[in-house]
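Quick one: the structure is below, questions incoming.
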Amino acid sequence: MKIVSKILQLLLGTTFLFSAYTKAVGPGFFEITLMDQGIAPDRIIASYLARFFIGLEFALGFLMLLPFYVKRLMQFTFFLLGGFTLHLIYLWSIGDTDNCGCFGEMISMTPEQSIIKNMIMLAIAFVVFRLAQTKKIKIIIPIVFSAATIISMWIILPIPNHKEFPFESFTHFETRGRVDLSSGENLVAIFNLDCEHCQQAATELGELKRNQENFPELYVLYFQEGSTTVEDFESITQSSFPYDLIEVNTFFDLIGDSPPRVYYLKDGKVLGIWDLNILRNIVNTFDL
């Protein structure tokens, strides 16, 4: 039974470490998730909470690999997972089916799936709590280690300045769900649904996407001026991309003299703005 307890303890610790890692590689997505779920009121608070939870998971995971204070760690795990599970039950009850962010963008899980995952982890924690033979060291050591791990997240994952990022407010796209445009390489197209040039550009982009497996992530911001709907536009252009609708002022802020326009983003920086030769620029930039 001692071996079983140790294996389960290591499994639980590894899960916490993996969960922290998946959030740490893309903290912006976790920040957006905290805002969308109502846990954080704005991006600044979300960025602090994200780093706190990532550091806490790292600390818990590392401590669970050691034989010290195992029962207390399991008690804290009950409290932490229990709180998150109650929150997930609330999200599930209101029909939220987006990625809950438990494993960042790496493994997408709905609140319902995450509830099941948490229940399994709680069951494992209960078994470990009952069977574990714990050792003790000075209590200040794990406390200081946990505090240092949490604080280190502000050094390892510095909080970027999003104030000048033109797409800060666009965090949710139809057919995709939550998206962090400030992380990784992304393309953002600005289209007027009634614009023939936009329709032509979308047709070419849709064809390129179908023919290239490594086509980059492309998101579309649509402005609806006339009667053409997104469904009409996609039917005309034979294209389909994650999208959001924007108002007239935002549309004119984001385009040049006339649409279409495509932005090339890398880790929150605008590296390219293309009004002409859009297809050629994409092919050259991404070696398609």
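The values are calculated or read from the model by the stated rules, or taken from the named source; none is laboratory data. All of these numbers come straight from a predicted model, not from anything done at the bench. Virtual Cβ from ideal backbone geometry, glycine too; neighbours counted across all protein chains shown. Surface accessibility is based on the protein's heavy atoms, side chains included, excluding ligands, DNA and RNA. Shrake-Rupley method; radii C 1.70, N 1.55, O 1.52, S 1.80 Å.
Give the shape of the range 102-159 as rounded, prolate or oblate, defined through the alpha-carbon gyration tensor: a ≥ b ≥ c are the square roots of its eigenvalues, a/c under 1.5 means rounded, and otherwise the shape is prolate if a/b is larger than b/c and oblate if not.
It comes out oblate by the Cα gyration axes.
So, one more: Using 18 Å as the cut-off for backbone N distance, which residues of the range 158-184 belong to the label zone defined by a point 7 Å from the Cα of LYS269 along Cα→Cβ?
158-168, 181-184
Any idea of THR175's accessible area? Nearest 10 Å², probe 1.4 Å.
That residue has around 110 Å² of solvent-accessible surface.
Here's a follow-up. Please identify the helices of the chain, taking whole runs of DSSP H, that span at least 27 Å along their own axis as judged from the Cα atoms and have a mean Kyte-Doolittle score of 0.5 or higher.
2-24, 43-64, 70-93, 111-131
Another question, if that's okay. Return, for the Cα atoms of the chain, the radius of gyration and Dmax in Å, separated by a comma.
According to the Cα coordinates of the chain, Rg and Dmax are 22.9, 72 Å.
Now for a separate question. Regarding the range 161-232, what are the three Cα extents along the principal axes, ordered largest first, in Å?
37, 32, 20
Once you have a ≥ b ≥ c as the square roots of the Cα gyration tensor eigenvalues for the range 209-266, tell me rounded if a/c is under 1.5, and otherwise prolate or oblate according to whether a/b is larger than b/c.
Oblate, since a/c reaches 1.5 and b/c is not below a/b.
Of all DSSP beta bridges located in the chain, what percent are antiparallel, nearest 5?
Numbers: 15 of 26 bridges.
That works out to approximately 60 percent antiparallel.
Starting from 0.36 nm per residue, how many nanometres of slack lie between MET106 and GLU225 once their C-alpha separation is accounted for?
Result: 39.1 nm gained on full extension.
Give me P(r) over the range 23-150, computed from all C-alpha to C-alpha distances, binned every 10 Å, as integer percentages.
Histogram of Cα-Cα distances, whole percents per bin: 12, 38, 35, 14, 1.
Let me ask you something else. Taking 26 Å as the cut-off for C-alpha to C-alpha distance, list the pairs among LYS209/LYS266; LYS117/LYS138; LYS23/LYS138; LYS2/LYS117 that go past it.
The answer is LYS117/LYS138; LYS23/LYS138.
Another one. Test of understanding: extend the Cα→C-beta vector of LEU245 to 7 Å, then name every residue of the range 202-226 with backbone N under 17 Å from that spot.
220-226
Under the rule of -39500 (n - 2.57) per DSSP H run of 4 or more residues, summed and divided by the residues of the chain, what mean residue ellipticity at 222 nm is obtained, to the nearest 500 deg cm²/dmol?
Working: 10 runs with 157 residues, N = 288.
Helix contribution divided over all residues of the chain: -18000 deg cm²/dmol.
Among PHE191, LEU218, GLN238, which residue has its Cα furthest toward the positive end of the charge dipole of the chain, with +1 on Lys/Arg Cβ and -1 on Asp/Glu Cβ?
Sorting the options by dipole projection puts first LEU218.
Moving to a separate point now. Can you tell me how much longer the chain between ASN214 and ILE94 gets when fully stretched, taken as 0.36 nm per residue apart minus their C-alpha distance, in nm with one decimal? Present the calculation step by step, with values, prior to reporting the outcome.
On the way: separation 120, 0.36 × 120 = 43.20 nm, distance 3.60 nm.
In short, 39.6 nm is gained.
Another question, then. I'd like the isolated cysteines in the chain, meaning no second cysteine's beta-carbon lies under 4.7 angstrom from theirs.
CYS100, CYS102
Right, here's the next one. Got a number for the accessible area of ARG176? Probe 1.4 Å, square angstrom, nearest 10.
Approximately 110 Å² of ARG176 is accessible to the 1.4 Å probe.
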